[in-house]
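Take a look at the structure set out below.
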Amino acid sequence: MSEYSWPGENGRRVPDAASAWVETVRVLPVGTRITGEVVGRQPFGVFLCIDGRPDAVGLARIDRMPRCMELPTVGQRITGEVVWHADHNHQVGIVLGEWAEHEDLLPRFRVGQVVGGRITKIASIGIFVRLADCVEGLVPLTGPAASAEAFREGREMSVQIVAVDHERNRILLTERVP
């Protein structure tokens, strides 16, 4: 099975969402808690078969997913909440419980702040440092003397925040030498 698939490609019956749409909207109003199974996976989100509603098609869109998480896999059981209805394609919008409960920690970081972190990756452009759950920053390697050889993955280091780009979810760092 490929990483991406449509609901009918995974041995599941394709629901007749159009004929059941009025009833689906009635029994699954916005705010309804649901459980179900992932039956299709696309770059824009996952399709769900909602327990007790065999003709309802749920869609959890990737734009509601925290940046550090991954889409659930086909066959995975999920819980979530109905957040919208799309009449034009008869889909029930779902935000997954683990997504809704996840706190975005990026806004807590400020320019000038000194923090500790663990090196997660060494690349030609610099050193990636995990500052908190789902928050990594980059210490760029600049200048002719700059070298990644002095660093190793897993090492703890102290860094100072140089820039926080909320639009692009990026933090620029500089190494703090004690």
Place +1 on the Cβ of every Lys and Arg and -1 on the Cβ of every Asp and Glu in the range 37-99, take the dipole about the Cα centre, and give the residue among 45, 90, 78 whose Cα lies farthest towards its positive end. 45
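Where in the chain lies the longest segment free of GluC sites (Glu not before Pro) that are both loop residues by DSSP (not H, G, I, E, B) and have at most 16 other Cβ atoms within 10 Å?
4-69
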On the full set of protein chains, 1.4 Å probe, figure out the accessible area of residue 25 and give it in Å² to the nearest 10. 50
For the chain, compute the orientation-averaged projected area of the C-alpha convex hull (one quarter of its surface), in nm². 12.9
Gained length - residue 70 relative to residue 102, 0.36 nm times residue gap less alpha-carbon distance: 10.2 nm
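The values are calculated or read from the model by the stated rules, or taken from the named source; none is laboratory data. Only a predicted model underlies this, so the values are computations on that prediction, with no experimental measurement involved. Virtual Cβ from ideal backbone geometry, glycine too; neighbours counted across all protein chains shown. The protein model used for the area step is the full one, side chains on, heavy atoms only, and it has no ligands, DNA or RNA in it. Shrake-Rupley method; radii C 1.70, N 1.55, O 1.52, S 1.80 Å.
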